[in-house]
Each structure stands twice: as structure tokens, then as C-alpha cells.
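A short worksheet on the structure shown next.
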Amino acid sequence: MKKRSKVILSILAIIVVVCAIFYKALIAFFMGVMANVAPYIWKAKDVSKEKAAYTMAAPDLYNAVKVDTATNKKYVGQIVLVTGSISAIDSSSHIISLNNVACALDSTQIPKISTVKVGDNVKLQGVVAAYNDLLDEVDVNQCSFK
């Protein structure tokens with residue numbers, strides 16, 4: 001009985017030592033597995049097909065989020081449908097600005113950036129990311145034209 005216990009303890013000790021030595025490799029291995037498997041398990045939400053929690057004009061969204069920066073609970077992470085006039089288009093970074101609301105286009109919407117121009121009235125739906133106090137704008141990601 002004592003011999004069996006010593007053998008089991010020895011095996012456990014060897015396993016612990018091997019794991020301690022190779023823990024970084026094991027972590028990297030499991031992270032690699034999860035990075036390749038996760039997209040098949042958890043599907044990303046298509047924001048363009050979801051119902052917007054809020055519908056508002058760009059200046060109203062800007063004012064609401066700027067006021068809400070202390071808590072960032074009401075709007076951040078929510079899907080919004082923003083309407084407004086395009087004030088700037090950055091084709092290289094795929095961002096359309098509606099005054100102080102910067103909408104980063106979803107990859108499926110990038111070809112449509114060439115169909116709009118500054119001054120056009122548009123409706124864009126996306127997820128509110130944050131208020132950027134450095135640029136004094138509201139960042140909205142995964143935007144799609146409506």
C-alpha cells in the first residue's frame with residue numbers, strides 16, 4: 001500500500017514539475033487552440049441586422065454620450081441608429097464623421113464609402129464604443145448604412 005502511494009505521489013510530482021517547466025508553452029498551445037476554435041463556437045453578432053436600442057441625430061448622440069461619460073452605462077455598448085449630414089470621410093481608415101460622431105464602417109460596408117460624399121444625409125447603425133475626449137467625438141464601431 002505504501003509503495004503504491006509513493007508511486008502515485010511520484011507521478012503527480014513529475015506532472016507538476018513538467019507543467020511548471022512548460023507552462024508557457026502549454027498556455028500558448030491552449031490559447032492557439034481557442035483562437036482557432038472560438039470563431040466556430042461563438043458567432044459574432046451582425047449589428048446591421050439587430051434592432052437599434054436608440055435612434056437619434058448625431059448631435060443628440062454626441063451630447064448624450066458626452067454627458068454620460070462619468071458612468072458610460074447607458075449608451076456604451078448599445079446599438080444606435082444615427083442620422084446626420086456627413087462632415088468628413090476618411091477613406092483610408094473607413095471612418096465617416098457626422099460632426100462629432102465618428103462611425104467606423106463594418107468591413108462589409110467599405111465598398112459603399114465611395115457612393116457618399118460630404119454633405120450627404122445618411123443613417124448609420126453601429127455600436128457606441130466610447131466618448132473620445134482627446135478628439136471630442138463619440139466613436140461608433142461596426143457601422144452599416146441604413
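Each value in this text was obtained by applying a stated rule to the coordinates, not by laboratory testing. All values reported here derive from a predicted model rather than from experimental measurement.
With contacts taken as Cα pairs under 8 Å at a separation of at least 6 residues, region 47-145 carries a relative contact order of 32 percent. Which of 51/117; 45/123; 74/112; 73/117 have a Cα-Cα distance over 22 Å? Check vs 22 Å cut-off fails for 51/117; 74/112; 73/117. Compared with the direct C-alpha span, the chain from residue 17 to residue 90 gains 20.9 nm at full extension, assuming 0.36 nm per residue. On full extension, the segment bounded by residue 121 and residue 7 gains 33.5 nm, given 0.36 nm per residue less the C-alpha separation. For residue 130, the amide hydrogen comes within under 5 Å of the amide hydrogens of 139, counting only partners 5 or more places away or on other chains and with H modelled in the peptide plane.
3J(HN,Hα) couplings calculated from phi for region 129-146 with the Karplus curve 6.51 cos²θ - 1.76 cosθ + 1.60 (θ = phi - 60°) are, in sequence order, 8, 5, 8, 9, 6, 5, 9, 6, 8, 9, 8, 10, 10, 6, 6, 9, 6, 10 Hz; Gly and Pro show x. Sequentially through region 74-84, phi angles give Karplus couplings (6.51, -1.76, 1.60; θ = phi - 60°) of 6, 10, 4, x, 8, 7, 10, 10, 10, 10, x Hz, Gly and Pro residues having no value and appearing as x.
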